[in-house]
Amino acid sequence: MIEIRIHGRGGQGAVLAAELLVHAAFAEGKFGQAFPAFGGERRGAPVQAFVRLDKSPVRVRYRVYRPDYVVILDRTLPDMIDVLDGLRPDGVVLIDSARPPATLSWSADAPVYAIPATAIAMEVFGQPLVNPAMLGALAAITSEISLLSIQDAFQRRFPGSLGEKNGLAAQMGYDHVLKPDVLPVRVTRSPHVRGVGQASAPDAGLGAPGHPLHFGLVVAPRTSLAYPTGGWRYARPAVDADICNGCGLCVAFCPDSSLTIVEKQAIVDYMYCKGCGICSKVCSRGAIAMMSEEG
Amino acid sequence: MTRGTVSVMEGSMAVAKAVKACRPAVISAYPITPQTHIIEMLAQMVAQGELEAEYVRADSEFSAASVVAGASATGVRTYTASASQGLLLMTEVLYYLAGARLPVVLTGTNRQVSVPLGLQPDHRDTMSFRDSGVIQLYVENVQEAYDTHLQAFKIAEDHGVLLPTMVCMDGFVLTHVVEPVRILDQVDVDGYLPPYEPVHYLTPERPSVFGSYTDDANTLEFYYLLQQAVLGAKAKVELAARDFRAAFGRSHGGLIDSYGAEDAEVVVIAMGSTVGTLREAVDVLRREGAKVGLIKVRCFRPFPAEEVRQAASGADAVAVVDRAMSFGFQGVLATDVKAALYDAPAANRPVVMGTMAGFGGREVTIDTVREIVKVARQALDGHLPAPDDSNFIGLKPELLPVAGPG
């Protein structure tokens with residue numbers, strides 16, 4: 001049995017990727033199981049999906065704790081969560097990144113393939129749909145599943161030209177890995193991995209990570225400070241100080257209280273801003289632009 | 001004999017397909033995670049004309065249960081589904097359905113009950129109907145969920161039964177998993193499940209009163225009849241599974257299923273999706289030399305006391321994996337297992353240890369089972385003064401408050 005853990009952000013398609021892997025494996029006569037980590041759906045939040053593939057029906061029903069493969073759909077995720085947790089000694093990591101893996105932060109040593117899945121997706125779709133390139137790359141790395149089965153799974157899910165585009169992107173991910181100069185890079189544990197399992201609020205009390213439970217599950221105020229939701233962000237609001245007059249409209253509309261006015265200037269708290277872009281839309285002076293986090 | 005087509009799909013889709021194939025006339029539900037996908041898919045099937053049924057989107061679970069109660073009373077096949085708080089809101093109506101002997105089939109997609117507000121699977125929600133007269137079947141995988149919905153209508157509508165029947169499937173673990181499942185052709189389902197022929201139903205041609213008042217002159221006799229009906233359903237649960245096997249060549253057990261229990265020293269008893277993990281654990285632990293076996297309680301009500309007694313009485317120790325607790329006493333399943341084994345001859349009566357594992361959705365892994373078996377062995381060897389009735393497996397002491405309330 002092989003076990004795969006997919007890390008992505010809500011809305012990115014980690015769950016779909018897991019599902020399509022089982023479809024692809026099933027078409028090759030294998031059995032499989034795909035399921036998401038259970039919780040409320042949150043766009044942009046780190047999510048996980050799990051896959052098991054085997055020659056016989058999969059019976060166990062728990063999360064993948066010892067993955068053979070870790071597939072990471074967003075290169076900022078290793079900053080926030082321990083994506084390498086439990087990776088088997090001979091396990092392999094795939095990450096969507098145009099940057100060399102060694103320049104990212106990692107919680108452990110591991111062999112990592114960097115797949116330019118976003119670049120491939122922008123070329124094929126004009127949108128960052130990273131799944132097909134990542135699964136195509138996985139097909140090139142593992143002998144468990146063929147590229148053709150992956151392409152067929154996409155084609156069945158997205159009939160017609162969209163399926164063909166997915167097939168093309170999968171091919172490009174596959175071809176990338178097979179280039180003679182593309183090898184897994186042995187990354188090492190970074191000295192400071194930001195945010196991994198750390199509560200950032202010094203005054204967090206009951207209900208915050210690492211604190212005991214209240215007997216009636218009453219939670220202290222401000223414990224949400226311990227959840228740095230800024231990690232959910234794809235894009236960040238950038239305030240042009242010359243245009244902003246400190247009117248405070250953005251403060252009124254921010255659903256996460258992540259904006260304040262200091263000396264007639266809007267200040268964004270990037271620790272908690274989820275990058276929804278409402279502030280940018282409501283600003284009557286056009287002082288707030290949304291900038292890609294990738295940049 | 002192996003009929004139908006295997007394809008990969010979400011557990012909820014498989015359940016929706018099973019319900020569709022059973023041709024209910026009325027479906028009513030109110031959405032709640034993790035049941036939502038099932039009823040969304042059924043609503044879509046009705047909207048697209050694939051399923052000829054009345055789909056009533058209710059304004060609450062109480063209304064949904066009331067709609068199917070009313071519809072069932074007119075003598076048609078009905079279906080609903082819910083979870084957690086939603087099931088609890090149906091409680092009053094479910095008791096009514098059992099008393100009025102209306103064979104509604106419902107899915108309980110198991111989810112913890114607030115407080116704490118959460119989405120994880122455990123059995124507190126469906127267990128709250130333990131004493132209602134509702135038949136309860138717990139399933140371990142998507143195939144069993146599909147097959148058991150077909151069987152549930154057959155059991156519920158049997159003229160010797162006529163009781164609401166609930167298929168309990170662990171939320172997310174089974175509703176949201178994507179795996180291969182064999183879906184039967186409509187003609188085969190029709191061959192297995194004939195149209196519902198009601199015995200008692202509301203019709204203007206033969207006016208009658210449902211749910212009428214009684215006093216102490218006959219309520220006791222009424223309860224006696226209800227008890228006979230629920231107990232009588234045991235044979236029908238077995239029959240539905242046997243017929244299913246004869247027609248389609250597969251079985252998930254009748255009232256119970258056992259795996260390696262015959263010669264086991266330690267037998268683990270469980271219900272629902274943890275059973276799959278336990279099967280794997282039995283194989284792993286047996287390879288390591290431990291004589292471990294498994295009994296799956298598939299039908300929780302009526303409780304298969306005799307079957308559990310026969311399957312477990314050869315063991316030295318029985319460890320019950322409970323996903324629901326009667327606070328102030330012990331695990332709900334453990335209580336029933338003990339009651340069943342009390343009637344075994346003293347020489348064949350194993351030590352019974354209740355464990356709270358999988359409770360609140362805490363995952364049961366192979367290592368969890370290893371720990372459970374270890375504790376059971378310690379109890380056997382007398383290393384524990386007495387087996388604890390409520391072993392919370394995997395408890396994290398660091399999360400417990402230093403001082404209690406007040």
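The values are calculated or read from the model by the stated rules, or taken from the named source; none is laboratory data. Just so it is clear, the model here is predicted, and its values are computed rather than measured. Cβ atoms come from the backbone with ideal geometry, glycine included; neighbour counts cover every protein chain shown.
So here's what we get for this one:
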{"quantity": "Elements of type helices (runs of 4 or more DSSP H) in segment B:92-206, at least 3 residues being touching an Asp or Glu at 6+ places or on another chain (Cβ under 9 Å)", "calculated": "B:142-157"}
{"quantity": "One residue from A:51, A:64, A:47 being surrounded by 19 or more Cβ atoms within 10 Å (Cβ to Cβ), out of contact with any helix residue (DSSP H, G or I) (no Cβ under 9 Å at 6 or more places or on another chain) and β-branched (Val, Ile, Thr)", "calculated": "A:64"}
{"quantity": "Subset of segment B:173-187 that is out of contact with any helix residue (DSSP H, G or I) (no Cβ under 8 Å at 6 or more places or on another chain) and touching a residue at least 60 places away in the same chain (Cβ under 8 Å) - its residue that is nearest to the other protein chains (Cβ to nearest Cβ)", "calculated": "B:173"}
{"quantity": "In segment B:339-369, the residues that are surrounded by 18 or more Cβ atoms within 10 Å (Cβ to Cβ) and in a helix (DSSP H, G or I)", "calculated": "B:340, B:341, B:359, B:361, B:368, B:369"}
{"quantity": "Residue check, residue A:133 surrounded by 21 or more Cβ atoms within 10 Å (Cβ to Cβ) and touching a Pro at 6+ places or on another chain (Cβ under 9 Å)", "calculated": "yes"}
{"quantity": "Residue in segment A:221-239 that is among the hydrophobic types (A, V, I, L, M, F, W, C), loosely packed, with under 15 Cβ neighbours inside 10 Å and free of Cβ contacts under 8 Å to residues at least 40 places away in the same chain present", "calculated": "no"}
{"quantity": "Any hit, segment A:128-146, residues being in contact with a helix residue (DSSP H, G or I) (Cβ under 8 Å, 6 or more places away or on another chain) and over 27 Å from residue A:90 (Cα atoms)", "calculated": "yes"}
{"quantity": "Set A:63, A:75, A:99: member being among the basic types (Lys, Arg), at pLDDT 95 or above and outside any helix (DSSP H, G or I)", "calculated": "A:63"}
{"quantity": "For residue B:237: the one exception among (1) free of Cβ contacts under 8 Å to residues at least 12 places away in the same chain; (2) more than 14 Å from every other protein chain (Cβ to nearest Cβ); (3) closer than 25 Å to residue B:171 by Cβ", "calculated": "(1)"}
{"quantity": "Tally of residues being of a type outside the set (A, V, I, L, M) and at the interface with another protein chain (Cβ under 9 Å from one of its Cβ atoms) across segment A:23-47", "calculated": "10"}
{"quantity": "Any chance residue B:190 is more than 14 Å from chain A (Cβ to nearest Cβ) and loosely packed, with under 11 Cβ neighbours inside 10 Å", "calculated": "no"}
{"quantity": "First in segment B:98-116 and within 12 Å of residue B:161 (Cβ to Cβ) and in the same structural domain as residue B:173 (by TED's automatic domain parsing), second anywhere and small (Gly, Ala, Ser) and assigned to a loop (DSSP other than H, G, I, E, B), Cβ under 7 Å, 6 or more apart", "calculated": "B:98/B:132; B:98/B:133"}
{"quantity": "From the options B:343, B:381, B:367, residue that is under 26 Å from residue A:60 (Cα atoms) and either in contact (Cβ under 8 Å) with a residue 60 or more places away in the chain or among the charged types (D, E, K, R) (or both)", "calculated": "B:367"}
{"quantity": "Top-ranked residue in segment A:174-194 [being of a type outside the set (A, V, I, L, M, F, W, C) and in contact with a Pro (Cβ under 7 Å, 6 or more places away or on another chain); ranked as surrounded by the fewest Cβ atoms within 10 Å (Cβ to Cβ)]", "calculated": "A:186"}
{"quantity": "Unique match (being of a type in the set (D, E, K, R) and within 14 Å of chain B (Cβ to nearest Cβ)) among A:152, A:96, A:90", "calculated": "A:152"}
{"quantity": "Condition check for residue A:80: within 13 Å of chain B (Cβ to nearest Cβ) and over 12 Å from residue B:8 (Cβ atoms)", "calculated": "no"}
{"quantity": "Within segment B:269-300, tally of residues that are within 14 Å of another protein chain (Cβ to nearest Cβ), not polar (S, T, N, Q) and not in a helix (DSSP H, G or I)", "calculated": "5"}
{"quantity": "Test result for residue A:52, in a loop (DSSP other than H, G, I, E, B), within 13 Å of another protein chain (Cβ to nearest Cβ) and of a type outside the set (Ser, Thr, Tyr)", "calculated": "no"}
{"quantity": "Hits in segment A:7-28 (condition: outside any loop (DSSP other than H, G, I, E, B) and closer than 18 Å to residue A:143 by Cα)", "calculated": "A:17, A:18, A:20, A:21, A:22, A:23, A:24, A:25, A:26, A:27"}
{"quantity": "All positions within segment B:75-91 that are part of a loop (DSSP other than H, G, I, E, B) and not hydrophobic (A, V, I, L, M, F, W, C)", "calculated": "B:75, B:77"}
{"quantity": "Residue satisfying condition, being of a type outside the set (Ser, Thr, Tyr), in contact with a helix residue (DSSP H, G or I) (Cβ under 8 Å, 6 or more places away or on another chain) and under 26 Å from residue A:118 (Cβ atoms), within set A:277, A:231", "calculated": "A:231"}
{"quantity": "Cβ pairs under 6 Å, 6+ apart, first in segment B:199-226 and at pLDDT 95 or above, second not charged (D, E, K, R)", "calculated": "B:199/B:159; B:201/B:74; B:201/B:75; B:202/B:73; B:202/B:74; B:226/B:133"}
{"quantity": "The one condition in (1) crowded, with 19+ Cβ neighbours inside 10 Å; (2) over 16 Å from the mean Cα position of the chain (by Cα); (3) at pLDDT 95 or above; (4) within 26 Å of residue B:165 (Cα to Cα) that residue B:296 fails to fulfil", "calculated": "(2)"}
{"quantity": "Residue among B:73, B:21, B:83 that is in contact (Cβ under 8 Å) with a residue 60 or more places away in the chain, within 14 Å of chain A (Cβ to nearest Cβ) and either of a type in the set (A, V, I, L, M, F, W, C) or within 26 Å of residue A:16 (Cβ to Cβ) (or both)", "calculated": "B:83"}
{"quantity": "Segment B:262-286 residues that are within 12 Å of residue B:370 (Cβ to Cβ), paired with ones that are assigned to a helix (DSSP H, G or I) and among the small types (Gly, Ala, Ser) (beta carbon under 8 Å, 6 or more apart)", "calculated": "B:266/B:376; B:268/B:281"}
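Rundown of residues vs (1) within 30 Å of residue B:363 (Cβ to Cβ); (2) surrounded by fewer than 21 Cβ atoms within 10 Å (Cβ to Cβ), yes/no style:
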{"position": "B:146", "(1), (2)": "yes, no"}
{"position": "B:153", "(1), (2)": "no, no"}
{"position": "B:166", "(1), (2)": "yes, no"}
{"position": "B:208", "(1), (2)": "no, yes"}
{"position": "B:230", "(1), (2)": "no, yes"}
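For (1) modelled with pLDDT of 95 or more; (2) part of a helix (DSSP H, G or I); (3) surrounded by fewer than 20 Cβ atoms within 10 Å (Cβ to Cβ), each residue gets a yes or a no:
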residue: A:87; (1), (2), (3): yes, no, no
residue: A:119; (1), (2), (3): yes, yes, yes
residue: A:137; (1), (2), (3): yes, yes, no
residue: A:165; (1), (2), (3): yes, yes, yes
